[in-house]
Every structure is written in C-alpha cells, then in structure tokens.
1. List the relative contact order of the range 21-106 as a percent without decimals, with contacts defined as Cα pairs under 8 Å and 6+ residues apart.
2. Tell me which residues come under 5 Å, amide H to amide H, from M318 once H is placed; ignore anything under 5 positions away on its chain.
3. Let me have the 222 nm mean residue ellipticity of the chain computed from DSSP H runs of 4+ only, each contributing -39500 (n - 2.57), with the sum over all residues rounded to the nearest 500.
4. Give a residue-ordered list of calculated ³J(HN,Hα) values for the range 93-109 (Karplus: 6.51 cos²θ - 1.76 cosθ + 1.60, θ = phi - 60°; whole Hz; x for Gly, Pro).
5. Where both partners of a DSSP beta bridge lie in the chain, what percent of those bridges are antiparallel, to the nearest 5?
6. How large is ³J(HN,Hα) for each residue in the range 345-359, as worked out from phi by the Karplus curve 6.51 cos²θ - 1.76 cosθ + 1.60 (θ = phi - 60°), to whole Hz, x for Gly and Pro?
7. Using amide H atoms built 1.01 Å from N in the peptide plane, name the residues 5+ places from V348, or on other chains, whose amide H lies under 5 Å from its own.
8. Compute the Rg to Rh ratio over the range 14-120 from the alpha carbon atoms, using the Kirkwood formula for Rh, and round to two decimal places.
Amino acid sequence: MANLPRTAQTFAPPVMEARRWMEGVQFSADRPLINVSQAAPVDPPPEPLRQHIADIALNVPDAHLYGPVLGLPELCAEVAAQWSAAYGGQIDETQVAITSGCNQAFCAAIMSLTGEGDEVILPTPWYFNHKMWLDMVGVRTVPLATGPDLLPDPEHTKTLITDRTKAIVLVTPNNPGGVEYPADLVRAFFDLARQHGVALIVDETYRDFDARSGAPHDLFADPDWHDTLIQLYSFSKAYRLTGHRVGTMVASTARLAEAEKFLDSVTICPNQLGQHAALWGMRNLEHWLAGERIEILDRRAAITDYFAPIQDAGWRLMGCGAYFAYMEHPFGISSNELARELVQKAHVLTLPGTMFTPINDPMGQQQMRIAFANVDRAGIKALFDRLVTFHP
C-alpha cells in the first residue's frame with residue numbers, strides 16, 4: 001500500500017458509482033426514477049438570497065478577490081455569536097474558521113491532528129468521505145461498531161484507544177444512520193477524549209434539522225471546550241448553498257493556525273460569494289429556515305407513518321432523522337447487489353450499507369440508506385409501495 005498513489009489507496013466516490021448504475025436503464029412516465037441516493041438539496045437558494053448573491057457579485061469588487069484564508073471576519077463573528085447563544089457557551093470569533101464546505105473542514109482538522117500511521121476512530125456505519133480522506137493521508141481508520149440502535153458505546157471505544165489515536169469522530173444527527181446522539185452520550189465521548197488527550201470531532205452538518213428543541217449538547221458550556229472539541233458545520237443544507245461550498249470549523253485558535261497551513265495550500269480562501277450568502281442567510285433567513293426544518297421533520301414523520309407495510313415484508317427501520325432513514329433489508333443478497341437490482345427493477349436509486357462499512361462487514365451487507373430530503377410525503381409513500389412488492 002505504501003507505494004500506491006494516495007488516491008489509489010481508497011475507493012471510488014460512492015455517489016458517482018451509484019449514478020453509473022442508471023446507465024442503460026429506461027425509466028417510464030408511470031414509473032419514474034425515485035432518487036434517494038444523495039443528501040443534498042436539489043432546489044436553488046430562496047430568491048431573496050439569490051438576489052443578494054447577485055448584488056454582491058455586481059457591487060462588491062472585493063468579493064472577486066482573494067480573502068482571508070480562514071474566512072470573512074464578519075461571518076466568523078456571526079457564527080461565534082449565534083453558536084454562543086445557541087449552545088450556552090463562549091465562542092470567540094478567532095475560534096471560527098470558514099472552509100470550502102464541511103468536507104474540507106474535516107480534512108483540515110485531520111491534517112492538523114495526524115501524521116502518517118496515526119489512528120482515528122470512526123463509528124460504523126460511517127460517512128464515506130471521512131473514510132476516504134483518512135485512507136488518502138495514510139491514517140488508519142479504527143472502526144467502532146454500533147448496535148441495533150446505531151449509537152456508539154463510550155466504554156467499548158475506550159478499548160480501541162492506543163498511543164496512536166489522535167481523534168474520535170461523531171456525526172450527529174448522523175449520516176448515514178439518521179440517529180440523533182443524546183446529549184449525555186456526546187458528553188461521555190467528550191470526557192473520554194479529554195481523559196485520553198485526543199480530539200473529539202463532532203460533525204453537525206445537519207444540526208438545523210434536529211428534531212429536538214434547544215442545544216443538542218452542552219460541550220460549549222465547558223469554558224475549556226477548545227482543549228478537546230473540534231466542531232464542524234455546513235451551510236449547504238441550511239441555505240441550499242451546496243455549489244458555493246461554505247462550511248465551518250470551530251476549534252482552538254492554535255488548532256486553526258495549523259489548519260490555516262493546509263487551507264492556504266489547497267484553496268487559499270473560501271468562496272467569497274458563498275460566504276456573503278451564508279452571512280446574509282444567518283442574519284435574514286431564520287424564519288425561512290424554520291419552515292425548511294418543519295418540512296424535513298414532516299418527511300421524517302412520513303417514514304414512520306408509512307413504514308408498517310414494508311416492516312411486515314421484513315424490512316427494519318434502524319434509524320431515522322435529519323435527511324436519512326437507515327434500514328435493514330430482508331433479502332439473502334448483499335445490499336450492494338440489491339441496490340443495483342432496485343434501480344433496474346423498481347426504479348429506485350439508493351445507497352447500500354456496504355458503502356458505509358468496512359469491506360465484508362456483514363452488517364453493511366444487510367443495510368440500506370434512504371436520503372429523503374428531496375422526496376415529499378407522496379414520494380415516500382410511492383417509494384415504500386415499490387419496496388413492499390419488490391423481490392430480487
């Protein structure tokens with residue numbers, strides 16, 4: 001492995017692979033494709049935000065130039081202020097960096113933490129881009145198996161920590177599982193990480209669609225949170241800014257100084273128009289975003305409302321939340337094979353659990369991820385109608 005190019009040490013991008021399964025398949029008007037493969041909004045930002053982007057593009061010359069490597073100071077300050085209020089803690093604007101999407105925030109965090117041969121603990125099923133990046137930088141991924149509830153166990157995690165462990169990664173609400181990690185569980189992982197002198201990376205890309213009211217955890221209330229916690233976030237889901245690539249990394253100022261070296265070498269600065277859009281969205285779209293959250297929570301409710309028939313057919317709902325439902329299928333074939341057959345026979349594009357687990361993991365072979373953010377109630381019912389009658 002050491003002699004292979006970096007990119008050859010990991011797998012092909014799963015979403016791109018899944019799209020290739022549609023080649024040669026004819027979809028009909030009475031049975032169109034139901035695409036539940038990707039967790040990204042397909043609609044553009046709301047019109048007032050698009051107008052603001054246009055105004056910035058026309059009237060702010062600096063928006064077309066290089067900006068600060070760690071992002072616009074105004075946006076960093078807004079994140080710090082809103083996060084401090086939301087989480088009941090104290091976050092300084094110097095502890096906020098803006099990145100080119102949340103994936104880059106993860107990459108920057110890992111680059112600032114690890115060296116060749118170090119280890120990072122990822123609960124399974126994991127977010128595949130996290131695994132891909134660890135592969136490409138020569139960091140060993142230590143899988144942390146979760147139980148039927150998809151929640152990781154801190155006590156089991158303790159047995160996986162070695163002198164090479166540099167971080168534990170949590171994603172909540174979870175991608176791909178959909179589960180929302182209880183606040184006391186997140187706190188237990190924080191305490192564990194601090195006890196062992198490793199970082200706790202908490203990816204909260206889907207925090208805006210958490211079903212719970214109030215702060216999802218109390219980590220920022222700890223005055224010394226920055227000695228352990230690195231929080232990641234994306235504006236892509238909240239304001240439909242996927243193509244503008246705007247995310248955040250909240251960490252100690254010393255950690256951000258290390259991340260700055262990586263960011264300056266890769267993108268130099270985040271997308272300026274996207275940053276202005278995120279800032280305007282934070283200041284002006286609170287009520288609009290609340291409506292988006294209500295719609296996503298209704299689609300989540302539709303999953304459970306319509307699940308009984310496919311449960312009777314042998315499917316099991318393991319997790320549901322944010323943009324995702326994670327399910328166990330009843331068939332005696334690998335989920336990877338099943339996913340291909342669903343495209344051909346049911347005109348449903350989804351991702352198999354094999355894309356979120358280690359190779360040959362028996363759990364991944366029985367699991368499927370449904371990304372329902374772009375499918376309304378009627379679409380969810382149509383999806384389940386197809387699944388209940390499907391046989392490989």
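1. The normalised contact order for the range 21-106 reaches 19 percent.
2. Those lying under 5 Å, H to H, from M318 are Y326, M327, E328.
3. -11500 deg cm²/dmol
4. Rounded to whole hertz, the list is 4, 6, 9, 10, 10, 9, 10, 7, x, 6, 4, 5, 4, 4, 4, 5, 4.
5. The antiparallel fraction comes to roughly 50 percent.
6. 9, 10, 6, 10, 10, 9, 10, x, x, 4, 7, 10, 9, x, 4
7. I34, V343
8. That ratio is 1.09, to two decimals.
The values are calculated or read from the model by the stated rules, or taken from the named source; none is laboratory data. Keep in mind it's a predicted model, so treat the numbers as computed, not measured. When we count neighbours, we look across all protein chains shown, and the Cβ atoms used for this are built from the backbone with ideal geometry, even at glycine. SASA here: full protein model, heavy atoms, side chains in, ligands and nucleic acids out. Shrake-Rupley method; radii C 1.70, N 1.55, O 1.52, S 1.80 Å.
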